């Protein structure tokens, strides 16, 4: 009986550690560059700070899912932008909207297969009516959707980008910030 209880306690502790690690503090994970080791799973309150930073960095925040063909098609463009502007103050953040039960079966293999280096966060907040308008009041909830912002300006795009469209949007906001 004691052995069964000990095994149960050990299993519970192990599960809670893994669960807490996945739902850990997003800012710490990003700051420690552990994003390639684990993708944080957060509710909208965990994503919200990524959408409102008052700095001279240009943030490119894309909402996507592995089951969304247009999203998958444009992911390489975000990676290319991150590489092309690596020497400048630009940060690409990919907010994944897959179902949490697809974390290990779809999201992690997708990230590995495509060699994604940008910061990825999985949003697990079923109350979309609460958070969609907080991202942008014009957003219908369709994906792909992208928010590009800095301390001076915010632009929201509910569309699939070509590489050139994305580069033009990034460059447009960058130039305005420098002036």
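The values are calculated or read from the model by the stated rules, or taken from the named source; none is laboratory data. Since the structure is predicted, the reported quantities are computational estimates derived from the model, not experimental observations. Cβ coordinates were reconstructed from backbone atoms using ideal geometry, including for glycine residues, and neighbour counts include every protein chain displayed.
Below are the figures for this structure:
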quantity: Of all residues making up segment 24-48, the number that are more than 12 Å from the chain's Cα centre (by Cα), at pLDDT 50 or above and either farther than 27 Å from residue 142 by Cα or assigned to a helix (DSSP H, G or I) (or both); calculated: 2
quantity: Positions within segment 53-82 being within 21 Å of residue 133 (Cβ to Cβ), at pLDDT 95 or above and assigned to a loop (DSSP other than H, G, I, E, B), in sequence order; calculated: 65, 68
quantity: Residues within segment 83-119 that are part of a loop (DSSP other than H, G, I, E, B) and more than 12 Å from the chain's Cα centre (by Cα), tallied; calculated: 7
quantity: Residue within segment 147-157 that is assigned to a helix (DSSP H, G or I) and modelled with pLDDT under 95 present; calculated: no
quantity: Options 171, 138, 146: the member that is over 17 Å from residue 42 (Cβ atoms), touching a strand residue (DSSP E or B) at 6+ places or on another chain (Cβ under 8 Å) and loosely packed, with under 15 Cβ neighbours inside 10 Å; calculated: 138
quantity: Number of the exception - residue 111 against (1) in contact with a helix residue (DSSP H, G or I) (Cβ under 9 Å, 6 or more places away or on another chain); (2) surrounded by 19 or more Cβ atoms within 10 Å (Cβ to Cβ); calculated: (1)
quantity: Any hit, segment 125-142, residues being over 27 Å from residue 168 (Cα atoms), touching a residue at least 24 places away in the same chain (Cβ under 8 Å) and not in a helix (DSSP H, G or I); calculated: yes
quantity: Hey, residue 116 within 22 Å of residue 55 (Cβ to Cβ) and touching a strand residue (DSSP E or B) at 6+ places or on another chain (Cβ under 9 Å) or not; calculated: no
quantity: Qualifying positions in segment 84-97 - surrounded by fewer than 20 Cβ atoms within 10 Å (Cβ to Cβ) and either in contact (Cβ under 8 Å) with a residue 40 or more places away in the chain or over 13 Å from residue 119 (Cα atoms) (or both); calculated: 84, 85, 86, 87, 88, 89, 90
